[in-house]
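The values are calculated or read from the model by the stated rules, or taken from the named source; none is laboratory data. Only a predicted model underlies this, so the values are computations on that prediction, with no experimental measurement involved. Ideal geometry is used to build each Cβ from the backbone, glycine not excepted, and the neighbour counts take in all protein chains shown.
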Amino acid sequence: MTQSDADGDGQFATSATGERSRAGTNRDRSTSGDSSDERTGGDSSDVSLERTEIIDSSSAFQAVGHEIRAEILENQLHALEDDGLSRQTFADLFAASSADTSAGFAYHLEKLVGPFLRKVDATDDSDGDDDGRREPGYEFTYAGLKIARAIQTGAYTRRIDSPPIELDDPCPFCTRDRSSASTSSSVSAESGSAFEPEDEREHEHELPTLEAQTVDNVVTITCPDCDRQVLRLQFPPSGLESHGDDLPAAFDRHHRYRLATMSDGVCPECGGDVASRVSTLSTESGAGSTGGETAGEHSQTPPQVVHTCNQCQHELRCPVTLSILEHPSVISFYHDHGIDIRNRPLWNVGPEWAETVLSKEPICVRVVTERAGDVLALYVDGTSQVVETQRSASDESGAIDRD
């Protein structure tokens, strides 16, 4: 059992038989393609772009370093939410502010013009009123809208802590341990009919359930029984405060989206290109000393997919299984057994998954899942791409070996 990290932003725990897979649209890649051990983002060398530095980073933060200026951006955002338009007149913004005088307000407003707001004339916008004219005023620039939303979400201003809440899902590690101790609990295949998620997990009510606790906007999911950490990921303060009892589902969907985006080569933080690779380092060679990975009772660290943004350096590590969960063959396989795999949360996608490193030069990892005697194997290369799939009944000649 190990846990994987993303520079403090994301950790997914793993187990020898309970791995996770891609939460994004994973595309098959031919083995005749790029054989390098890292998939990089698209080459933009043939794209002509004009880059303009409108303000240096230190000046940008200084520009919003006053309560009146932050207030102007927030009021501009509220107006955008109210009527779908970002343009506000001087009078509108002044009336909504706490500034004492119009002269003082004008000084602070002018500091935002350029990097965060643009001044527009009445004739600049043809998408306004029926006569094609709108009042002169101020509109968000791209940077202004981004920073206003960041302020609104509380990402820079609010810290959320919460006591542990009990989840409905059992601990994947305890489930694995129970399965290892009693192989007689395997799923029956006598009828060949579809299995509902409730049927396949009816024994799990006897297992300890997981708990989720938030400290400084980071949600950690652990098992209070075995004291092992399953997952550790950030969540914006606005999300922690707004979802109520639906927080676990919202948290799961949020990070499925982020993992899917990185798996498809686009950074969810900045939109930059993402390089992906598969790491098969063992804990004995130092993998356990980085980013909080722990070896537990296993001498080898299960293979990890490492996604790294080439622009902002955002990094996300996860089990190989998590990187293929929404591959078409996986969706189809579980659909044939009456299961929507997307309804299983990231912290427990089922105990039936297994991973095997077949080769390190070049890297090839086999991910296997089994339902009612039906076996699906996916072969993942060093760039985290599925290069081949196999499906067969476990009682057929030449069945896939899960070990």
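Please determine, by comparing only the residues of segment 218-227 that are surrounded by fewer than 18 Cβ atoms within 10 Å (Cβ to Cβ) and not β-branched (V, I, T), which one is farthest from E315 (Cα to Cα).
Among those residues, the one meeting the criterion is D225.
So for segment 362-383 (the condition being without any contact (Cβ under 8 Å) to a residue 24 or more places away in the chain and polar (S, T, N, Q)), does at least one residue qualify?
Checked segment 362-383: no residue is without any contact (Cβ under 8 Å) to a residue 24 or more places away in the chain and polar (S, T, N, Q).
Suppose we filter segment 318-333 for residues that are out of contact with any strand residue (DSSP E or B) (no Cβ under 7 Å at 6 or more places or on another chain) and not hydrophobic (A, V, I, L, M, F, W, C); how many remain?
So the count comes out to 3.
Tell me, yes or no, whether segment 121-140 has at least one residue that is modelled with pLDDT of 90 or more, crowded, with 16+ Cβ neighbours inside 10 Å and either hydrophobic (A, V, I, L, M, F, W, C) or assigned to a loop (DSSP other than H, G, I, E, B) (or both).
yes
Among the numbered criteria (1) crowded, with 23+ Cβ neighbours inside 10 Å; (2) in contact with a Pro (Cβ under 9 Å, 6 or more places away or on another chain); (3) part of a strand (DSSP E or B), which one does V357 miss?
Of everything listed in (1) crowded, with 23+ Cβ neighbours inside 10 Å; (2) in contact with a Pro (Cβ under 9 Å, 6 or more places away or on another chain); (3) part of a strand (DSSP E or B), V357 misses just condition (1).
Determine if segment 279-300 includes at least one residue that is aliphatic (A, V, I, L, M) and either outside the structural domain of G382 (by TED's automatic domain parsing) or at pLDDT 80 or above (or both).
Taking every residue of segment 279-300 in turn, none turns out to be aliphatic (A, V, I, L, M) and either outside the structural domain of G382 (by TED's automatic domain parsing) or at pLDDT 80 or above (or both).
Quickly run through segment 238-251 and pick out the residues that are over 16 Å from P164 (Cα atoms) and crowded, with 18+ Cβ neighbours inside 10 Å.
The answer is G239, and nothing else.
Residue by residue through segment 380-389, note down the ones that are crowded, with 20+ Cβ neighbours inside 10 Å and touching a Leu at 6+ places or on another chain (Cβ under 8 Å).
Listed by number, the list holds a single entry, V386.
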